[in-house]
Every structure is written in structure tokens, then in C-alpha cells.
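**Student:** Provided herewith is a single structure, encoded as C-alpha cells, for subsequent inquiry.
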């Protein structure tokens, strides 16, 4: 999961647990870290508070994550894995789901992923080295959507699939903004309208046979 094989031995990195007990402990520590960072922000969050939230000894936290930056890197890496897993599940169902359900799955799965990773998204936007990772994850999401479209409609030209994927990714981002942003940009019926628009758009594309 968090291998240190590619790094120099003198460079600190996260410890990858080998046993189930260790994996569960790491999962608990990361969940606590995400909660504390979400509430207090990265700069204000402390390792002591994270350990306390997880009900763990501070030494246990430092054993797996030698410092806060390494812990943040681990959260960001896990987010990338979750993106792959989320789209992988949709791809497995791409040919069996009704088109409206497929359109909803693309929006709902990603919005829920963002809901569960608010702290990680804030991290990705907070520093230039992490924001580069955000661009990488968006590119990966675009590739996943392209593959889902090609699985669903193999007759699509690759460039057409890419163009459709770009539009769908923008729709997903718009739904995320509608879901989480407050104020004038939020409207009770806007999310339902966007969902219907996304359904109609996808249906018009995957049903169309190209020459």
C-alpha cells in the first residue's frame, strides 16, 4: 500500500503494515487524520490530536507515519486508489446498467467519493506539489470515463469518447459544486435538473451509431 522501496533508505516514509491488525490500525489512524484535518485544516491539525481521535498512542501514529506530511501524502495516495476502485466498479456494470442508471452512477459515485474525502480535496488544493496530484487524478478520472463509454458503446470513435468524457466530467464537477456549495450557486431543484440533463446527454450519445 505505502511502499518505501522506491525511496532512499534515509528518507522517512509511511510504514506499510503486513498483518490485518496493522492494516486496521492504519485505516483507523487515517480516518482520524481525515476528520481532524477536515475540521481544523492541515496547518492547525496536530499529530497528537489525530492520535487522540483514533484512540491510539502517539507512538503508534509515528510508527506508521513519521510526520504529518507523510500522513497527508498517504491520504492523498489512498484517494487515488479509491478513484480507480470507484470507476472500476462502474466499468464492470457498464454494459448491464440502463443508460439512466449509468449516468446516475457516474455522478453519484464520484460525488459520494468527494463527500468522503473533503479533507483530501482541501489538501490537494493547498500546495503546488499536491495540486499537481489533483490534476493527475482528474486526468485518470477522464481516462476511466472514456473506457466506460467504449465498453458501453464500442462503436464510438476514441476521440468522440474522449470528448463525451470531458463533458461528463464537467457535469460531475458541476454536481459536486451544487451539492457542497452554499449561497446563490445552490438551488433546490438545480441538482435534479442537472441529473436529468446528464441522463439525456448520455442517452443521446451511447445510443447513436456512428458511421
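**Student:** Which residues, taken from segment 85-111, are loosely packed, with under 14 Cβ neighbours inside 10 Å and part of a helix (DSSP H, G or I)?
**Tutor:** Correct list: 85, 88, 89, 92, 101.
**Student:** For segment 112-135, what are the residues that are in a helix (DSSP H, G or I) and under 21 Å from residue 171 (Cβ atoms)?
**Tutor:** Answer for segment 112-135, where residues must be in a helix (DSSP H, G or I) and under 21 Å from residue 171 (Cβ atoms): 112, 113, 114, 115, 116, 118, 121, 124, 125, 134, 135.
**Student:** Kindly evaluate residue 43 against the criterion of being assigned by TED's automatic domain parsing to the domain that holds residue 128 and within 16 Å of residue 130 (Cα to Cα).
**Tutor:** In short, no.
**Student:** Further question on the same structure: Residue 60 - would you say it is surrounded by 15 or more Cβ atoms within 10 Å (Cβ to Cβ), outside the structural domain of residue 136 (by TED's automatic domain parsing) and without any contact (Cβ under 8 Å) to a residue 40 or more places away in the chain?
**Tutor:** So residue 60 fits the description; yes.
**Student:** Working carefully through the options 115, 199, 138, find the one that is touching a residue at least 12 places away in the same chain (Cβ under 8 Å) and either touching a strand residue (DSSP E or B) at 6+ places or on another chain (Cβ under 6 Å) or farther than 30 Å from residue 36 by Cβ (or both).
**Tutor:** Result of the check over 115, 199, 138: 199.
**Student:** Sticking with this one: Can you pull out the residues in segment 63-84 that are under 22 Å from residue 19 (Cα atoms), surrounded by fewer than 17 Cβ atoms within 10 Å (Cβ to Cβ) and touching a helix residue (DSSP H, G or I) at 6+ places or on another chain (Cβ under 7 Å)?
**Tutor:** Within segment 63-84, just 82 meets the criteria.
**Student:** Same structure, new question: Counting just the residues of segment 178-211 that are at pLDDT 70 or above and assigned to a loop (DSSP other than H, G, I, E, B), which one comes out nearest to the chain's Cα centre (by Cα)?
**Tutor:** 181
The values are calculated or read from the model by the stated rules, or taken from the named source; none is laboratory data. No experiment lies behind these values; they were computed from the predicted model shown. Note: ideal-geometry Cβ built from the backbone for every residue, glycine included; neighbour counts use all protein chains shown.
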